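Structure first, then comments.
The values are calculated or read from the model by the stated rules, or taken from the named source; none is laboratory data. This structure is a prediction, so every number in the text was calculated from the model and none was measured. Positions of Cβ are generated from backbone atoms using ideal geometry, with glycine treated the same way; all protein chains shown enter the neighbour counts.
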Amino acid sequence: MCAICMKIPCDSRCPNAPEIKPVHICIDCGSSIFSGEKYFEGPDGPICKDCMDDMTTDDVLEMLGEEYSTAEKEDIYGMQAWTDS
Ligand SMILES: [Zn+2]
Ligand SMILES: [Zn+2]
C-alpha cells in the first residue's frame, strides 16, 4: 500500500501515482490525447476524435485545403462528343 495516499493503486493526485502523459494535445479543443486513443493527424497538428466527430464534411475538406469538384458533363462523355455534333 502507498504510504502517502493509502491506496492501491495510488490516487491520481498522489505524487507516487504513475504519471500519465498525453501523447498529443488536440489543437482544436486543447484536450489530451493519450496512447491508444484515436486522433486525426491534421495539417496543423493533432485533432482528437471528439473534435473530428463534431466536424462536418465541409469542415474536414476545408481543413485539408480540399474542396468538392463540380461534375461536368464533359468529364464523362469527353469534349469530342459535344463539339462534333
Ligand atoms: Zn500513493
Ligand atoms: Zn479536440
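Only residues that are part of a strand (DSSP E or B) and not aliphatic (A, V, I, L, M) were counted across the range 32-53, and they come to 8.
Across the range 72-81, a minimum of one residue is classified as surrounded by fewer than 10 Cβ atoms within 10 Å (Cβ to Cβ), at pLDDT below 90 and polar (S, T, N, Q). Residues of the range 54-74 include none that is under 11 Å from the mean Cα position of the chain (by Cα) and part of a strand (DSSP E or B). The set of residues in the range 1-49 that are within 16 Å of ligand 1 (Cβ to nearest atom), β-branched (Val, Ile, Thr) and at pLDDT 90 or above comprises Ile4, Ile8.
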